[in-house]
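The values are calculated or read from the model by the stated rules, or taken from the named source; none is laboratory data. In this text, all values refer to a predicted model and were calculated from it rather than measured experimentally. All Cβ positions, even for glycine, are placed from backbone atoms using ideal geometry, and neighbour counts span all protein chains on display. Protein only, heavy atoms only, side chains kept; ligands, DNA and RNA dropped before computing areas. Shrake-Rupley method; radii C 1.70, N 1.55, O 1.52, S 1.80 Å.
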Amino acid sequence: MPAAGIAPGGSGKEYPGNLTPFVTVTCIVAAMGGLIFGYDIGISGGVTSMDSFLRDFFPSVYRKKHADATVSQYCQYDSQTLTMFTSSLYLAALLSSIVASTVTRVFGRKLSMLFGGLLFFAGALVNGFAKAVWMLILGRILLGFGIGFANQSVPLYLSEMAPYRYRGALNIGFQLSITVGILVANVLNFFFNKIAGGWGWRLSLGGAMVPALIITVGSLVLPDTPNSMIERGRADEARSALRRIRGVDDVDDEFSDLVAATEQSRLVEHPWTNLLQRKYRPHLAMAVCIPFFQQLTGINVIMFYAPVLFNSIGFGADASLMSAVITGIVNVCATMVSIYGVDKWGRRFLFLEGGVQMLICQAVVAACIGAKFGVDGDPGELPKWYSIIVVMFICIYVAGFAWSWGPLGWLVPSEIFPLEIRSAAQSVTVSVNMIFTFAVAQIFLMMLCRLKFGLFLFFAFFVVVMSIFVYFFLPETKGIPIEEMGRVWRSHWYWSRFVEAEAGRGNENLEMGGKVV
Ligand code: BGC
C-alpha cells in the first residue's frame, strides 16, 4: 500500500541530504512495488474477458456468453470460481501483511522485500504456465502473499530512505505507480489478446515476472534503512549508512532524532490496546472509515472488471479492452492532478469535489444502462453514440476517484496517526482496505446479475454517505505538521469531546524522525 509515507514535517529542522544514487535506486524499486500491485489489479479483468482463457478454464462462463441466448447480459459472467480467481489475491494479501509486519520489524525491510519479490515471481510463473483452475488460483494467492510483503515493506523502506522533504510527494508517487501498473496491464491485455492461437493471456499473467525480478534483485543489493538498523541494535552501522545514503557527513541531527524516535516507540508496549483508548477515537474512526469508503466508491468494479463490464454492456472484445486502456490513461493523468493540487487546494476540497463528480457519473451510467438494457438485460443494437457516452462518464468517474479517494485514501491516514499508535492504526487501514477490496471483487459479478443497473446506484448511495462524512467529520490536514496534528482534533466540533482532555500535553509533540513501524 502507498501507506507509510510521512508528509514533510514542520518541525523547523532542516536535515542535510541529497538525492543520492541510493535514493534514486530506492525510488525505482518502490515504483516496482506499486507497479506490480497495479499490474495485478488491472490484469485479471482483461484476461477474464478473453475467449480463449474462458474456454480453457471457465467453460460454463464461455458457454453462457456465447451459446445460451436466454442468459441476460447482466449475468453472463456470474461465476463464483471466476470471481475467486480475481479476489483470492486480496485475501492472501490481507493475511500475509499481518505476518509481514513482524518480519519487517524483526528482520528488517529488505527481507520482507525479498520475500515479496520471490512470491511475486512464483505466482506469475504458476499463472503463466497454468493448466487448470487450481493453478490460476494458487498463482493469484502467491501474488497476494507477495503483495502483503511488498506493500508492507516497500512504502516503509521508501519513507525511511527518502530525504524527509520528499516523503509526501513519494507517498502519492507510490499511488501513481499503482495506476501506471494498471495501465500497463490494460495495454498489454489489448495487444496480447490479438496473438493468434489465443495463448496471449499467458504472457499477460506471466509478465508480472519482470517487475518481480527487479524487486528481488533490488532487495538483495539495496542497503537496509538506518531506522531498521537502529531498531535492531546496530546503531554504529546505522550512522555510517545514513552518511552514505544522504551523501553528506553531517548527519548528527537526523541520526539523534532517529535514535530518539526508536526509543520512544520501544516504550509503547501495547499499540493495539492503545488504539482503543478514548482519546484515539477519531484516529480509529478514520483508520476504519477511510479505507472502507474508498472501496465503496466502487472503483475496483472498473479497475478489475472494466473489460468484462464493457463486454457485458454490449461492446465487442477489442472495444472492451480498448476502453479499459482509456480509463487506465485517465486514472494516471488524474492522479497527477492530485499530486499537483493536494497541498494547494487541500484534502477536503478534493474529497468533496471528487464525491460530487463520481455521484453524477454513477447516476448517468445507471440511467444509460437502465434505459438500454432495462431489467431483462437485452439491449438490442447499441448505437455508437451510446457507447461513447458510457465510456465518457466512466472516465469522468475514474478521474474523480483518482484525484480524491484514490491517493487521499492512503495519504490522509498516514499523516494523522501519532507515533505511538501508528503501526497499529496503519495495519487497521491496510486490513480494512484489503477486506473490502476482496468483498467488492467477490460480489460484483453477482450483484451485476441481481441488481443490474441498480448496482451503480448502490455505490452512488455510498458516495453520498462518504461525502457527508467528510463534510462533517474529516478536518483539513493540509499544511499541518504531523507533530501538531493534535490541534485539528481539539478544535473540531465533534472530535474535540474525545481529545480535549489531552490539550496542552499532546504526544503530537513527539519528533517523528521518520519512524513508521
Ligand atoms: C486503491 C485500489 C484501486 C486503485 C485504483 C487505490 O488507491 O486502493 O483499490 O484499485 O487505487 O487506482
Subject >> the stretch 451-478, subset over 24 Å from the mean Cα position of the chain (by Cα) and in contact (Cβ under 8 Å) with a residue 24 or more places away in the chain, residue least open to solvent (accessible area, probe 1.4 Å) >> reply: 454
Subject >> Long-range neighbours under 7 Å by Cβ, at least six apart or interchain, first residue touching a residue at least 24 places away in the same chain (Cβ under 8 Å) and over 15 Å from residue 51 (Cβ atoms) within the stretch 182-196, second assigned to a helix (DSSP H, G or I) and more than 16 Å from the ligand (Cβ to nearest atom) >> reply: 188/204
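Restricting attention to the stretch 399-424, report how many residues are within 16 Å of the ligand (Cβ to nearest atom), part of a loop (DSSP other than H, G, I, E, B) and open to solvent by 10 Å² or more (accessible area, probe 1.4 Å).
Residues of the stretch 399-424 that are within 16 Å of the ligand (Cβ to nearest atom), as a first pass: 399-415.
From the residues that got through so far, the ones that are part of a loop (DSSP other than H, G, I, E, B) too are 403-404.
The next check asks that each one be open to solvent by 10 Å² or more (accessible area, probe 1.4 Å); those that pass are 403.
Here the count works out to 1.
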**OP:** Looking only at the stretch 153-168, decide whether some residue is within 16 Å of the ligand (Cβ to nearest atom) and either open to solvent by less than 10 Å² (accessible area, probe 1.4 Å) or over 23 Å from residue 22 (Cβ atoms) (or both).
**Re:** yes
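Taking the stated definitions as given, is residue 144 in contact (Cβ under 8 Å) with a residue 24 or more places away in the chain, over 24 Å from residue 18 (Cα atoms), within 16 Å of the ligand (Cβ to nearest atom) and buried (at least 18 other Cβ atoms within 10 Å of the Cβ)?
The answer is yes for residue 144.
Out of 231, 237, 263, report the one residue that is under 22 Å from residue 113 (Cβ atoms), open to solvent by 50 Å² or more (accessible area, probe 1.4 Å) and either more than 16 Å from the ligand (Cβ to nearest atom) or free of Cβ contacts under 8 Å to residues at least 40 places away in the same chain (or both).
Values: 231 fails: open to solvent by 50 Å² or more (accessible area, probe 1.4 Å); 263 fails: under 22 Å from residue 113 (Cβ atoms).
None of the others qualify; the one that does is 237.
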Original post:
Are any of the residues in the stretch 204-221 touching a residue at least 40 places away in the same chain (Cβ under 8 Å), assigned to a helix (DSSP H, G or I) and touching a Ser or Thr at 6+ places or on another chain (Cβ under 7 Å)?
Top reply: no
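Matching residues to (1) in contact with a Pro (Cβ under 7 Å, 6 or more places away or on another chain); (2) farther than 17 Å from residue 205 by Cα; (3) open to solvent by less than 10 Å² (accessible area, probe 1.4 Å):
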{"position": "17", "(1), (2), (3)": "yes, yes, no"}
{"position": "20", "(1), (2), (3)": "no, yes, no"}
{"position": "24", "(1), (2), (3)": "no, yes, no"}
{"position": "29", "(1), (2), (3)": "no, yes, yes"}
{"position": "35", "(1), (2), (3)": "yes, no, no"}
{"position": "44", "(1), (2), (3)": "no, no, yes"}
{"position": "50", "(1), (2), (3)": "no, no, yes"}
{"position": "57", "(1), (2), (3)": "no, no, no"}
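Take residue 129 and decide whether it is of a type in the set (A, V, I, L, M, F, W, C) and either open to solvent by less than 50 Å² (accessible area, probe 1.4 Å) or free of Cβ contacts under 8 Å to residues at least 40 places away in the same chain (or both). Walk me through how you get there before you give the answer.
Working: of a type in the set (A, V, I, L, M, F, W, C): yes; either open to solvent by less than 50 Å² (accessible area, probe 1.4 Å) or free of Cβ contacts under 8 Å to residues at least 40 places away in the same chain (or both): no.
Criteria not met by residue 129.
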Original post:
Does any residue in the stretch 414-431 that is more than 16 Å from residue 152 (Cα to Cα) come within less than 8 Å, Cβ to Cβ, of a residue that is in a helix (DSSP H, G or I) and among the charged types (D, E, K, R) six or more places away or on a different chain, and which pairs are these?
Top reply: 418/508
Original post:
Are any of the residues in the stretch 387-394 away from the ligand (no atom under 11 Å from the Cβ), modelled with pLDDT of 90 or more, surrounded by fewer than 21 Cβ atoms within 10 Å (Cβ to Cβ) and part of a helix (DSSP H, G or I)?
Top reply: yes
